[in-house]
């Protein structure tokens, strides 16, 4: 019998689920890409004074977008379509500047 453990430790990798959103929402986010300015808009979307480093904002954006999408699907009164589009624009923009693969968008028809 050896003194070595039989447990292997693997580095954790973030699990990025693909985003499946309505085609109109995705088209609006893609159309808003040319007007996106990270230094101006990311602070507003995250409601923060400081701009996070590239790659650090994406988990917060995804969590907020998940909440917004749940409100959309439930037909909740607090759903804000404008903010949802801004979140999608931010997710697209942030996923382009980080070195790891970002979320994949697939239009649902």
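Only the coordinates and a few stated rules stand behind these numbers; no lab work does. Remember, predicted model here, so these are calculated numbers, not experimental data.
In a fully extended conformation the segment linking residue 43 and residue 98 would gain 18.0 nm over its present Cα-Cα distance, using 0.36 nm per residue. Extension gain for the segment residue 31 to residue 67, taken as residue separation times 0.36 nm less the Cα-Cα distance, is 10.7 nm to one decimal. Pairs of Cα atoms nearer than 8 Å and 6+ residues apart set the relative contact order; for region 36-108 it is 35 percent.
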